[in-house]
Amino acid sequence: MQTIADRLTNARQEIEHAIANAHRPAHCVQLLAVSKTKPVSDITAAYEAGQRQFGENYIQEGVSKIEQLKTLTDIEWHMIGPIQSNKTKLVAEHFDWVQSVDRLKIAKRLNEQRPADMPPLNVCIQLNLEQEATKSGILPAELPDIVEAISGMPNLRLRGLMAIPAANVSESQQRDTLSQLHALYAQLQATTEGIDTLSVGMSNDMALAIAHGSTMVRIGTAIFGSRS
Ligand SMILES: *Cc1c(COP(=O)(O)O)cnc(C)c1O
């Protein structure tokens, strides 16, 4: 049976393989291990195999794990799930990154609630590229205004963009969406300081995302097994 350490090694090899195929520099894509619903012991196993960046989707669950693992001070905790505005304080007080900033109100509250003795909270703006009404995220046309607003918030540090492109579409549609995302990212990088993160790509579209400039892939099942 494969251990978490084995699966992490495989995932890292797949990432480096996709990077090489895309003619990009080695190690230019980070691996976020998505540990939602998985026990703390799984996170510890991944940590012992060298993994340091973990993603959680559910606030209460994430905060509980962060508290249980607080002696592992070099873990970087990323919030990647939807955030209700009455839960922002817990997020601001515990996480290192929030990738799922999907409206201005959330950014404002995170900025106000980030404790003064903690470093600025790293944030990505989550984009809704397919403009699906049911999907959370900022529409591309709304991006300049929210970028400007976040840039003026002292307790947030804007790092880039995050997206969850639809998986049930043709490869050419996936490519179109990823190209559009990369163009928005390049534009943001050209106009805003400190932008270094394009978080896109999961188990099923990882290689394609890396070919389109992803700098961080978010992998759960392939590392920790299915969530049942
Ligand atoms: C669950 C989740 C992932 C990981 O998905 P897997 O299919 O388990 O690899 C990545 N990103 C987000 C936003 C998620 O919610």
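The values are calculated or read from the model by the stated rules, or taken from the named source; none is laboratory data. It should be emphasised that the depicted structure is a prediction, and the values quoted were computed from it without experimental measurement. Note: ideal-geometry Cβ built from the backbone for every residue, glycine included; neighbour counts use all protein chains shown. Remember, those area values only see protein heavy atoms, side chains included, never the ligands or the DNA or RNA. Shrake-Rupley method; radii C 1.70, N 1.55, O 1.52, S 1.80 Å.
Points to keep in mind about this one:
- Contact order normalised by residue count of the stretch 131-200, Cα under 8 Å, 6+ apart, percent: 35 percent
- Solvent exposure of the chain as accessible area per residue, Å², 1.4 Å probe: 48 Å²
- Cα gyration tensor, the stretch 22-138 - rounded (a/c under 1.5), prolate or oblate: oblate
- Helical contribution to [θ] at 222 nm, DSSP H n ≥ 4, -39,500 (n - 2.57), averaged over the chain, rounded to 500: -12500 deg cm²/dmol
- Cross-link pairs LYS36/LYS70; LYS105/LYS135; LYS65/LYS135 - those with Cα-Cα distance over 24 Å: LYS65/LYS135
- Annotation: amide H of LEU121 within the under-5 Å range of LEU156, ARG157, sequence separation 5 or more or interchain, hydrogens built in the peptide plane.
- Under 19 Å from the Cα of LYS38 - aspartates and glutamates, other chains or at least 8 residues apart: ASP6, GLU48, GLU56, GLU61, GLU67, GLU76
- About the Cα centre, charge dipole magnitude for the chain (Lys/Arg +1, Asp/Glu -1 at Cβ), debye: 340 debye
- Relative contact order (percent, whole number), the chain, Cα cutoff 8 Å, 6+ residue spacing: 21 percent
- For the stretch 159-223, the dipole from Cβ point charges (+1 on Lys and Arg, -1 on Asp and Glu) about the Cα centre works out to 100 debye, to the nearest 20.
- For the stretch 4-224: rounded, prolate or oblate by the Cα gyration tensor [a/c cutoff 1.5]: oblate
- Taking the protein heavy atoms of the stretch 152-203 in the context of the full set of protein chains, the accessible area attributed to carbon and sulfur is 47 percent at 1.4 Å.
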